[in-house]
Amino acid sequence: MKSRCANLLVEYGGIRIDTILKLGGEGGSLTLIGKKNDDGGWTFFRESQESAMTDVLDEEDQDLLLLLNPRTRMIGCDLELALKSLGRHWKQLRPVEIHPDFRWSMYKLVIESRVSNLYHWKKICLKNNPLYQLAEWISSSKHTVVLSGAGMSTESGLPDFRSRDGWWRNMDPHKVANVTAIEENYELFWGFYKYRIETVEQYSPHIGHHILAKWEKNGWIHGISTQNVDGYHVVAGNHNIVELHGNIRSIRCHYCGRSSDVADFLNRLNCSSCQGPLRPNVVLFGEMLPDNAWNQAFQWFHRAELVLVIGTSLQVAPANQLPCLTSGHTVYMNMEMPEELDPSFDLMIKGKVGQLLAELDEMLDYIHSGKEE
Ligand SMILES: [Zn+2]
(Lines give C-alpha, C1' and ligand atoms only; values in the text may rest on other atoms or scores of the structure.)
Protein backbone atom coordinates (compact mmCIF):
# COMPACT_ATOMS: atom_id res chain seq x y z
CA MET A 1 0.00 0.00 0.00
CA LYS A 2 0.91 3.63 -0.08
CA SER A 3 3.81 4.89 1.93
CA ARG A 4 3.85 8.27 3.59
CA CYS A 5 6.54 9.47 1.19
CA ALA A 6 5.43 12.61 -0.55
CA ASN A 7 4.07 11.73 -3.93
CA LEU A 8 3.12 15.28 -4.80
CA LEU A 9 6.66 16.25 -5.56
CA VAL A 10 7.27 18.77 -8.26
CA GLU A 11 10.73 19.81 -9.32
CA TYR A 12 11.18 23.49 -10.06
CA GLY A 13 14.64 23.77 -11.50
CA GLY A 14 16.85 22.25 -8.81
CA ILE A 15 14.57 23.14 -5.91
CA ARG A 16 12.33 20.50 -4.46
CA ILE A 17 8.90 21.97 -3.93
CA ASP A 18 5.99 19.99 -2.55
CA THR A 19 2.33 20.81 -2.80
CA ILE A 20 1.12 21.24 0.76
CA LEU A 21 -2.49 22.18 0.15
CA LYS A 22 -4.52 22.69 -2.97
CA LEU A 23 -8.01 24.15 -2.66
CA GLY A 24 -10.57 24.43 -5.40
CA GLY A 25 -14.18 25.40 -5.98
CA GLU A 26 -16.44 27.94 -7.59
CA GLY A 27 -14.57 30.84 -6.06
CA GLY A 28 -11.30 29.92 -7.74
CA SER A 29 -8.31 28.01 -6.50
CA LEU A 30 -5.56 28.48 -3.94
CA THR A 31 -2.34 26.57 -3.53
CA LEU A 32 0.12 26.41 -0.68
CA ILE A 33 3.50 24.99 -1.58
CA GLY A 34 6.42 24.17 0.65
CA LYS A 35 10.15 23.67 0.62
CA LYS A 36 11.65 21.27 3.13
CA ASN A 37 14.55 22.83 5.02
CA ASP A 38 17.76 21.07 5.98
CA ASP A 39 16.62 20.92 9.63
CA GLY A 40 13.48 18.99 8.63
CA GLY A 41 11.15 21.97 9.02
CA TRP A 42 9.29 23.61 6.14
CA THR A 43 9.04 27.02 4.56
CA PHE A 44 5.65 27.72 3.04
CA PHE A 45 4.81 29.79 0.00
CA ARG A 46 1.51 30.87 -1.38
CA GLU A 47 1.15 30.29 -5.06
CA SER A 48 -1.43 32.65 -6.49
CA GLN A 49 -1.58 31.02 -9.88
CA GLU A 50 -1.00 27.46 -10.87
CA SER A 51 1.77 27.68 -13.38
CA ALA A 52 5.20 26.24 -13.66
CA MET A 53 8.10 28.38 -12.55
CA THR A 54 10.69 26.39 -14.42
CA ASP A 55 11.06 29.06 -17.05
CA VAL A 56 12.43 31.58 -14.58
CA LEU A 57 14.54 29.16 -12.56
CA ASP A 58 17.52 28.71 -14.79
CA GLU A 59 19.93 31.01 -12.97
CA GLU A 60 22.43 30.09 -10.29
CA ASP A 61 20.58 31.32 -7.23
CA GLN A 62 17.37 29.39 -7.59
CA ASP A 63 16.31 29.96 -3.98
CA LEU A 64 16.33 33.69 -4.61
CA LEU A 65 14.48 33.30 -7.86
CA LEU A 66 11.77 31.38 -6.06
CA LEU A 67 11.30 34.32 -3.72
CA LEU A 68 11.40 36.88 -6.47
CA ASN A 69 8.89 35.06 -8.61
CA PRO A 70 5.82 37.33 -8.70
CA ARG A 71 3.55 34.32 -8.58
CA THR A 72 4.82 33.04 -5.23
CA ARG A 73 4.90 34.73 -1.87
CA MET A 74 6.86 33.41 1.08
CA ILE A 75 4.71 32.97 4.18
CA GLY A 76 7.13 31.50 6.72
CA CYS A 77 7.48 28.28 8.64
CA ASP A 78 4.22 28.18 10.56
CA LEU A 79 1.40 26.13 9.04
CA GLU A 80 -1.33 28.00 10.88
CA LEU A 81 -0.03 31.36 9.64
CA ALA A 82 0.27 29.91 6.15
CA LEU A 83 -3.39 28.90 6.24
CA LYS A 84 -4.43 32.32 7.57
CA SER A 85 -2.46 34.02 4.84
CA LEU A 86 -4.90 32.55 2.32
CA GLY A 87 -7.54 34.96 3.64
CA ARG A 88 -11.08 34.09 4.75
CA HIS A 89 -11.91 32.86 1.29
CA TRP A 90 -10.23 29.47 1.82
CA LYS A 91 -13.00 28.20 4.10
CA GLN A 92 -15.46 28.23 1.20
CA LEU A 93 -13.18 26.16 -1.01
CA ARG A 94 -12.82 22.39 -1.04
CA PRO A 95 -9.57 20.59 -0.35
CA VAL A 96 -8.34 18.90 -3.51
CA GLU A 97 -4.88 17.72 -2.40
CA ILE A 98 -3.09 17.69 0.93
CA HIS A 99 0.50 16.57 1.46
CA PRO A 100 0.48 13.28 3.47
CA ASP A 101 2.74 14.72 6.19
CA PHE A 102 0.29 17.56 6.84
CA ARG A 103 -3.05 15.75 6.75
CA TRP A 104 -3.44 15.46 10.51
CA SER A 105 -2.05 18.87 11.47
CA MET A 106 -4.20 20.47 8.77
CA TYR A 107 -7.28 18.67 10.08
CA LYS A 108 -6.69 19.97 13.62
CA LEU A 109 -6.53 23.53 12.26
CA VAL A 110 -9.60 22.99 10.11
CA ILE A 111 -11.75 21.80 13.03
CA GLU A 112 -10.80 24.96 14.94
CA SER A 113 -11.62 27.11 11.92
CA ARG A 114 -15.19 25.75 11.67
CA VAL A 115 -15.20 25.17 7.93
CA SER A 116 -18.52 24.56 6.24
CA ASN A 117 -17.49 21.49 4.23
CA LEU A 118 -15.87 19.36 6.94
CA TYR A 119 -16.89 16.18 5.12
CA HIS A 120 -14.44 16.84 2.29
CA TRP A 121 -11.64 17.63 4.73
CA LYS A 122 -12.32 14.41 6.65
CA LYS A 123 -12.18 12.43 3.46
CA ILE A 124 -8.66 13.60 2.62
CA CYS A 125 -7.23 14.23 6.10
CA LEU A 126 -8.54 11.11 7.82
CA LYS A 127 -9.91 8.50 5.43
CA ASN A 128 -7.13 8.89 2.93
CA ASN A 129 -4.43 8.91 5.61
CA PRO A 130 -2.48 5.71 6.37
CA LEU A 131 -1.65 6.97 9.84
CA TYR A 132 -5.32 7.53 10.65
CA GLN A 133 -6.13 4.10 9.24
CA LEU A 134 -3.60 2.72 11.71
CA ALA A 135 -5.15 4.70 14.59
CA GLU A 136 -8.50 3.09 13.75
CA TRP A 137 -6.91 -0.36 13.68
CA ILE A 138 -5.26 0.21 17.07
CA SER A 139 -8.56 1.44 18.42
CA SER A 140 -10.51 -1.63 17.28
CA SER A 141 -7.88 -4.33 17.83
CA LYS A 142 -8.21 -6.46 20.95
CA HIS A 143 -4.63 -7.72 20.86
CA THR A 144 -1.93 -5.43 19.49
CA VAL A 145 1.74 -6.20 19.90
CA VAL A 146 4.81 -4.15 19.05
CA LEU A 147 8.20 -5.25 17.77
CA SER A 148 10.79 -2.52 18.28
CA GLY A 149 14.37 -2.22 17.10
CA ALA A 150 17.42 0.03 16.90
CA GLY A 151 15.57 2.92 15.23
CA MET A 152 13.62 3.39 18.45
CA SER A 153 16.88 3.86 20.40
CA THR A 154 18.79 5.96 17.88
CA GLU A 155 16.07 8.62 18.16
CA SER A 156 17.08 8.90 21.83
CA GLY A 157 20.58 9.69 20.60
CA LEU A 158 22.03 6.26 21.25
CA PRO A 159 24.47 5.15 18.53
CA ASP A 160 23.49 1.93 16.73
CA PHE A 161 26.52 -0.24 17.46
CA ARG A 162 25.67 -2.52 14.53
CA SER A 163 25.74 0.24 11.95
CA ARG A 164 29.10 1.39 10.66
CA ASP A 165 28.62 4.91 12.11
CA GLY A 166 28.12 3.47 15.59
CA TRP A 167 31.09 1.09 15.65
CA TRP A 168 33.22 1.18 18.80
CA ARG A 169 36.91 1.93 18.09
CA ASN A 170 36.17 1.21 14.44
CA MET A 171 35.79 -2.49 15.27
CA ASP A 172 33.29 -4.91 13.80
CA PRO A 173 30.95 -5.71 16.74
CA HIS A 174 30.85 -9.38 15.66
CA LYS A 175 34.48 -9.64 16.77
CA VAL A 176 33.87 -8.14 20.22
CA ALA A 177 30.39 -9.21 21.26
CA ASN A 178 30.88 -12.97 21.33
CA VAL A 179 31.72 -15.76 23.78
CA THR A 180 35.27 -16.24 22.46
CA ALA A 181 36.04 -12.63 23.37
CA ILE A 182 34.91 -13.24 26.98
CA GLU A 183 37.07 -16.32 27.27
CA GLU A 184 40.14 -15.22 25.33
CA ASN A 185 40.17 -11.42 25.26
CA TYR A 186 38.19 -10.26 28.29
CA GLU A 187 39.87 -6.85 28.34
CA LEU A 188 38.42 -6.08 24.92
CA PHE A 189 34.98 -7.55 25.74
CA TRP A 190 34.80 -5.61 29.01
CA GLY A 191 35.91 -2.34 27.38
CA PHE A 192 33.22 -2.65 24.72
CA TYR A 193 30.40 -3.32 27.17
CA LYS A 194 31.62 -0.75 29.70
CA TYR A 195 31.41 1.81 26.88
CA ARG A 196 27.95 0.63 25.83
CA ILE A 197 26.52 0.59 29.36
CA GLU A 198 27.84 4.10 29.98
CA THR A 199 26.39 5.29 26.66
CA VAL A 200 22.96 3.83 27.49
CA GLU A 201 23.08 5.68 30.82
CA GLN A 202 23.83 8.99 29.10
CA TYR A 203 20.55 8.99 27.20
CA SER A 204 16.92 8.41 28.11
CA PRO A 205 13.61 7.31 26.58
CA HIS A 206 12.04 9.75 24.07
CA ILE A 207 8.42 10.72 23.54
CA GLY A 208 7.76 7.57 21.48
CA HIS A 209 8.74 5.31 24.41
CA HIS A 210 6.48 7.30 26.75
CA ILE A 211 3.55 7.08 24.34
CA LEU A 212 3.90 3.28 24.11
CA ALA A 213 3.87 3.17 27.94
CA LYS A 214 0.64 5.21 27.94
CA TRP A 215 -0.89 2.88 25.35
CA GLU A 216 -0.13 -0.17 27.47
CA LYS A 217 -1.70 1.53 30.50
CA ASN A 218 -4.80 2.39 28.41
CA GLY A 219 -5.03 -1.18 27.13
CA TRP A 220 -4.35 -0.11 23.52
CA ILE A 221 -1.35 -2.39 23.19
CA HIS A 222 -0.81 -5.73 24.88
CA GLY A 223 2.98 -5.74 25.02
CA ILE A 224 6.29 -4.92 23.39
CA SER A 225 8.83 -7.37 22.15
CA THR A 226 12.10 -5.53 21.62
CA GLN A 227 15.45 -6.27 20.07
CA ASN A 228 16.96 -3.38 22.03
CA VAL A 229 19.03 -4.09 25.13
CA ASP A 230 18.96 -0.54 26.58
CA GLY A 231 15.87 -1.13 28.74
CA TYR A 232 14.31 2.22 27.70
CA HIS A 233 10.83 0.69 27.30
CA VAL A 234 10.97 -0.44 30.93
CA VAL A 235 12.31 2.94 32.09
CA ALA A 236 9.45 4.66 30.22
CA GLY A 237 6.94 2.57 32.15
CA ASN A 238 5.99 -0.44 30.02
CA HIS A 239 5.49 -3.64 32.02
CA ASN A 240 4.66 -6.24 29.39
CA ILE A 241 8.07 -6.42 27.79
CA VAL A 242 9.93 -9.24 26.15
CA GLU A 243 13.58 -8.25 25.79
CA LEU A 244 14.54 -10.73 23.08
CA HIS A 245 18.24 -9.88 23.21
CA GLY A 246 18.40 -9.28 26.96
CA ASN A 247 19.18 -6.15 28.98
CA ILE A 248 22.63 -4.60 29.07
CA ARG A 249 22.28 -3.37 32.66
CA SER A 250 21.55 -6.84 34.01
CA ILE A 251 24.83 -8.62 34.87
CA ARG A 252 25.63 -12.27 35.47
CA CYS A 253 28.63 -14.57 35.81
CA HIS A 254 29.53 -16.13 32.46
CA TYR A 255 30.31 -19.48 34.13
CA CYS A 256 27.92 -20.04 37.05
CA GLY A 257 25.16 -17.60 36.08
CA ARG A 258 25.06 -15.88 39.48
CA SER A 259 23.67 -12.36 39.10
CA SER A 260 25.72 -9.35 40.03
CA ASP A 261 25.51 -5.53 40.08
CA VAL A 262 26.25 -3.34 37.10
CA ALA A 263 28.76 -1.47 39.32
CA ASP A 264 30.71 -4.72 39.86
CA PHE A 265 30.97 -5.17 36.11
CA LEU A 266 32.03 -1.56 35.51
CA ASN A 267 34.70 -1.95 38.25
CA ARG A 268 35.95 -5.08 36.52
CA LEU A 269 35.27 -7.39 39.46
CA ASN A 270 34.92 -11.14 39.08
CA CYS A 271 32.06 -13.37 40.23
CA SER A 272 31.92 -13.39 44.04
CA SER A 273 31.07 -17.08 44.01
CA CYS A 274 33.31 -18.75 41.40
CA GLN A 275 35.64 -15.89 40.33
CA GLY A 276 34.40 -16.28 36.77
CA PRO A 277 34.17 -13.29 34.37
CA LEU A 278 31.06 -11.06 34.62
CA ARG A 279 29.03 -10.21 31.54
CA PRO A 280 25.80 -8.40 30.66
CA ASN A 281 22.67 -10.51 30.28
CA VAL A 282 22.52 -9.96 26.54
CA VAL A 283 22.42 -12.38 23.66
CA LEU A 284 25.90 -12.33 22.10
CA PHE A 285 26.58 -13.08 18.45
CA GLY A 286 26.38 -16.84 18.04
CA GLU A 287 24.23 -17.35 21.17
CA MET A 288 20.64 -18.55 21.12
CA LEU A 289 17.74 -16.40 22.28
CA PRO A 290 16.51 -17.39 25.76
CA ASP A 291 13.66 -19.91 25.37
CA ASN A 292 11.24 -18.17 27.70
CA ALA A 293 11.58 -14.79 25.91
CA TRP A 294 11.13 -16.37 22.50
CA ASN A 295 8.14 -18.49 23.58
CA GLN A 296 6.39 -15.49 25.12
CA ALA A 297 6.93 -13.37 22.00
CA PHE A 298 5.81 -16.28 19.81
CA GLN A 299 2.50 -16.55 21.71
CA TRP A 300 1.87 -12.80 21.59
CA PHE A 301 2.45 -12.53 17.84
CA HIS A 302 0.49 -15.68 17.11
CA ARG A 303 -2.53 -14.27 18.95
CA ALA A 304 -2.14 -10.72 17.62
CA GLU A 305 -4.88 -8.95 15.69
CA LEU A 306 -2.47 -6.14 14.89
CA VAL A 307 1.33 -6.08 14.77
CA LEU A 308 3.30 -2.82 14.81
CA VAL A 309 6.91 -3.09 13.71
CA ILE A 310 8.76 0.05 14.80
CA GLY A 311 12.29 1.18 13.96
CA THR A 312 13.83 -2.07 12.77
CA SER A 313 15.14 -3.07 9.36
CA LEU A 314 14.17 -6.69 10.20
CA GLN A 315 17.64 -7.97 9.35
CA VAL A 316 18.17 -9.99 12.52
CA ALA A 317 16.79 -13.53 12.80
CA PRO A 318 14.78 -14.94 14.43
CA ALA A 319 13.09 -11.72 15.64
CA ASN A 320 12.35 -10.78 12.02
CA GLN A 321 10.12 -13.86 11.76
CA LEU A 322 7.71 -12.68 14.47
CA PRO A 323 5.52 -10.50 12.19
CA CYS A 324 4.88 -13.60 10.00
CA LEU A 325 3.07 -15.32 12.88
CA THR A 326 0.02 -13.09 12.95
CA SER A 327 -3.07 -13.50 10.82
CA GLY A 328 -4.02 -9.89 11.64
CA HIS A 329 -2.91 -6.57 10.17
CA THR A 330 0.79 -5.76 9.99
CA VAL A 331 2.22 -2.26 9.97
CA TYR A 332 5.81 -1.12 9.42
CA MET A 333 7.07 2.25 10.70
CA ASN A 334 10.63 3.43 10.24
CA MET A 335 12.81 6.33 9.19
CA GLU A 336 14.28 4.17 6.44
CA MET A 337 12.28 1.97 4.11
CA PRO A 338 14.18 -1.22 3.24
CA GLU A 339 13.96 -2.09 -0.45
CA GLU A 340 12.59 -5.54 0.24
CA LEU A 341 10.74 -6.70 3.28
CA ASP A 342 9.64 -10.19 4.11
CA PRO A 343 6.84 -10.45 5.05
CA SER A 344 5.04 -7.71 3.16
CA PHE A 345 3.06 -5.30 5.30
CA ASP A 346 -0.50 -3.98 5.10
CA LEU A 347 0.75 -0.46 5.80
CA MET A 348 4.21 1.06 5.54
CA ILE A 349 4.72 4.48 7.09
CA LYS A 350 7.96 6.40 6.75
CA GLY A 351 9.02 9.00 9.29
CA LYS A 352 10.60 9.73 12.63
CA VAL A 353 9.19 7.17 15.02
CA GLY A 354 8.63 9.62 17.90
CA GLN A 355 6.79 12.04 15.63
CA LEU A 356 4.59 9.33 14.08
CA LEU A 357 3.68 7.91 17.50
CA ALA A 358 2.89 11.41 18.81
CA GLU A 359 0.56 12.04 15.88
CA LEU A 360 -1.05 8.62 16.30
CA ASP A 361 -1.56 9.32 19.99
CA GLU A 362 -3.46 12.52 19.19
CA MET A 363 -5.58 10.63 16.67
CA LEU A 364 -6.35 7.91 19.23
CA ASP A 365 -7.40 10.52 21.79
CA TYR A 366 -9.57 12.10 19.11
CA ILE A 367 -11.17 8.74 18.20
CA HIS A 368 -11.78 7.86 21.85
CA SER A 369 -13.30 11.26 22.56
CA GLY A 370 -16.04 10.32 20.08
CA LYS A 371 -15.55 13.50 18.03
CA GLU A 372 -14.94 11.65 14.79
CA GLU A 373 -18.64 10.75 14.34
ZN1 LIG B 1 30.34 -17.41 38.93
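Observations on the structure shown:
- Using distinct alpha-carbon pairs, which all enter the 1/r mean, Kirkwood radius of segment 204-311 in Å: 15.3 Å
- Electrostatic dipole magnitude of the chain [Cβ: Lys, Arg +1; Asp, Glu -1; Cα centre; debye, to 20]: 1000 debye
- On the chain, 47 percent of the accessible area sits on carbon and sulfur atoms, based on a 1.4 Å probe.
- Summing Lys and Arg as +1 and Asp and Glu as -1 over all other residues whose Cβ lies under 12 Å from the Cβ of Val200 gives a net charge of 0.
- Residues Ser272 and His174, FRET efficiency given R0 of 35 Å [Cβ-Cβ distance, rounded to 0.05]: 0.70
- For the chain, accessible area per residue (1.4 Å probe, heavy atoms of protein chains only), Å²: 49 Å²
- Inter-probe distance in nm under a simple model that places probes 7 Å from Cα toward Cβ, at His89 and Val262: 6.0 nm
- Taken along the Cα-to-beta-carbon direction at a fixed 7 Å, the label points for Glu336 and Glu112 span 3.7 nm.
- Residue separation of Cys324 and Glu136 scaled by 0.36 nm, minus their Cα-Cα distance, works out to 65.5 nm of gained length.
- Karplus-derived 3J(HN,Hα), 6.51/-1.76/1.60, for each residue of segment 93-106, Hz, glycine and proline x: 8, 9, x, 9, 9, 9, 4, x, 5, 10, 5, 6, 5, 5
- As a ratio to 2.2 N^0.38 Å, the alpha-carbon radius of gyration for the chain is 1.19.
- Cleavage-rule hits (trypsin sites (Lys or Arg not before Pro)) in segment 89-142: DSSP loop, at most 13 neighbouring Cβ within 10 angstrom: Arg114, Lys142
- Listed by chain and number, the lysines whose alpha-carbon sits under 22 Å from that of Lys22, ignoring those within fewer than 8 places in the same chain, are Lys2, Lys35, Lys36, Lys84, Lys91, Lys108, Lys122, Lys123, Lys127.
- With R₀ set to 45 Å, the beta-carbon distance separating Glu362 from Glu198 gives a calculated FRET efficiency near 0.80.
The values are calculated or read from the model by the stated rules, or taken from the named source; none is laboratory data. Model, not experiment: these values are computed from the prediction. Because the Cβ atoms are built from the backbone with ideal geometry, glycine has one as well, and the counts that use them run over all protein chains shown. All accessible areas refer to the heavy atoms of the entire protein, side chains included, with ligands and DNA or RNA removed. Shrake-Rupley method; radii C 1.70, N 1.55, O 1.52, S 1.80 Å.
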